[in-house]
Amino acid sequence: MKVSHYFEWESAITGGHHQSVQNQRKILEERGIDYTTDPTTDADLLHLNNMGPRSVFYAAKARRNDVPVLVHAHQTAEDFEESFAFSNVLAKPLKPYLRRAYSLADHLVCPSEHTKAVMEGYTDTPKTVVSNGFDAEKLDGFESLRQEYLERYDLDPPVVFNVAHVIERKGLRSFVETARRMPDTDFVWFGYLNPTGNDGVFDRLLTSSKVEELVENAPQNCTFTGYVEDIRGAFAAGDVFFFPTKNENEGMALLEAMSCGTPPVIRNIDTYHWLEDGRHCLKAEGSFEEELLKLIEDEQRRRELGETAEQKSREFRLANVGDELVELYQRLV
C-alpha cells in the first residue's frame, strides 16, 4: 500500500493539529506503510490533513481517478472561532467552504465523538472516530526537569498550569480571572503567545486585542512563558492541569497531562463526555475555584485522581489508535 499523506500549509501550522500529523506518520513508519508527503493521485490512498485549496483540487482529482480519499476533520467553523483576530468573522464563510471540501472525501476521520456529531451538520460522508492520540515517548524523562522549570519561572508548588496556544477559545479569560481570585497560587500558561507560532509582524496582526489585554493585565501570580523548547518541562513543573477550553475537537495536551499522572480540572463541555467527573478529572460548569482548591489543598486527592487519569490515558497511546487508523486504510483500499 502506498499513501499520499498530505498536510497543506504544514510549515505554518503548529500545536495539536501539527502534532496529530506527526503522530500519523510515525504510525505509518512503525507499520512499514509506504507514504509520500506530496499530494498525488499516483497512490493507493490520498489522506488529507488540511483542506486548503490545493487539497480540494487533489481530492477532486483523486475522485475522478478512483483513488479513495480520506480526510482528517481537524477543523470546524465552531472550533475556528475565538482563535485569532477576525476569526469570528471568517468562521461564517468557512462553514460552507468546509461543507464542500469535506463532501469530496470518501471517508472522514473525526478525532472525537463530539467532532463526529458536529460534522453530521456538514456532510453525510461516512465518518469514523479515531483519536489523534499522543506520543508517550515524547514525554519520557519529564520528571527530571521539575526543579529546573520551577526555578526558571519562579514557581511555588502546587502549580496550576495549561499547555496551549494563548487564544480566547482555550479559556484564556477564565484562566486569568481564576488566577486573580486565587492570589496565593501560581498559575502558568506554557505555549505560543501568537496564532502560528512565529514572532513576526503577521502574527502580531493576527493576535486579537482581547488576548493582548488579558495577558498584559494578568495578575502577578499568572505567568505566560511563550514558546517552550522542551515541553516536557511544562508537565514536570505543573501539579494541576487547568484546561478551561470552550470548544475542542479533542485536546492533545490534556491527554499528555493525564499520561504524566497530572489531575485535570476542565470545563464541562460535550467533547469530554468520556471523562468521568470525580474519577478521571474534575469538571466545572462556571467558576473553577472550588474544583482547583480541592486538589491544591489535598495532595492525596491529587495523587489519586492523577493515577486514574493516567490509566485512562493509556487508551490513547499511538499503539492503540494506530491500529484503528491502519484498519481504516485497509478498508478503504
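The values are calculated or read from the model by the stated rules, or taken from the named source; none is laboratory data. Given the structure is predicted, the values throughout are model-derived calculations rather than measurements. Cβ coordinates were reconstructed from backbone atoms using ideal geometry, including for glycine residues, and neighbour counts include every protein chain displayed.
So if I check each of Tyr153, Tyr97, which one is hydroxyl-bearing (Ser, Thr, Tyr) and over 24 Å from Phe288 (Cα atoms)?
None of the other options fit; the residue is Tyr97.
Residue under question is Ser287, and the condition is that it be on the phi < 0 side of the Ramachandran plot and surrounded by fewer than 18 Cβ atoms within 10 Å (Cβ to Cβ); does it hold?
Yes.
Given Arg314, Arg279, which one is touching a residue at least 12 places away in the same chain (Cβ under 8 Å) and outside any helix (DSSP H, G or I)?
Exactly one residue qualifies, and that residue is Arg279.
Inspect region 86-102 for any residue being at pLDDT 95 or above, among the charged types (D, E, K, R), over 22 Å from Met252 (Cβ atoms) and part of a loop (DSSP other than H, G, I, E, B) and give the result as yes or no.
For region 86-102, residues at pLDDT 95 or above, among the charged types (D, E, K, R), over 22 Å from Met252 (Cβ atoms) and part of a loop (DSSP other than H, G, I, E, B): absent.
Among helices (runs of 4 or more DSSP H) lying entirely in region 106-192, which contain 1 or more residues that are among the aromatic types (Phe, Trp, Tyr)?
Because the criterion is at least 1 residues that are among the aromatic types (Phe, Trp, Tyr), the helices (runs of 4 or more DSSP H) in region 106-192 that meet it are 146-152, 172-181.
Can you give me the number of residues within region 211-238 that are modelled with pLDDT under 90 and either touching an Asp or Glu at 6+ places or on another chain (Cβ under 6 Å) or under 28 Å from Thr262 (Cβ atoms) (or both)? Show your work before the answer.
Going residue by residue through region 211-238, those that are modelled with pLDDT under 90 are 211-212.
Cutting the leftovers down to either touching an Asp or Glu at 6+ places or on another chain (Cβ under 6 Å) or under 28 Å from Thr262 (Cβ atoms) (or both) gives us 211.
Residues flagged as modelled with pLDDT under 90 and either touching an Asp or Glu at 6+ places or on another chain (Cβ under 6 Å) or under 28 Å from Thr262 (Cβ atoms) (or both) within region 211-238 amount to 1.
Take region 246-276 and flag every residue that is outside any loop (DSSP other than H, G, I, E, B), farther than 15 Å from Ser313 by Cα and acidic (Asp, Glu).
Asp270
Could you say which residue among Glu307, Glu315, Glu297 is over 30 Å from Glu30 (Cβ atoms) and not aliphatic (A, V, I, L, M)?
Within the list Glu307, Glu315, Glu297, the selection yields Glu297.
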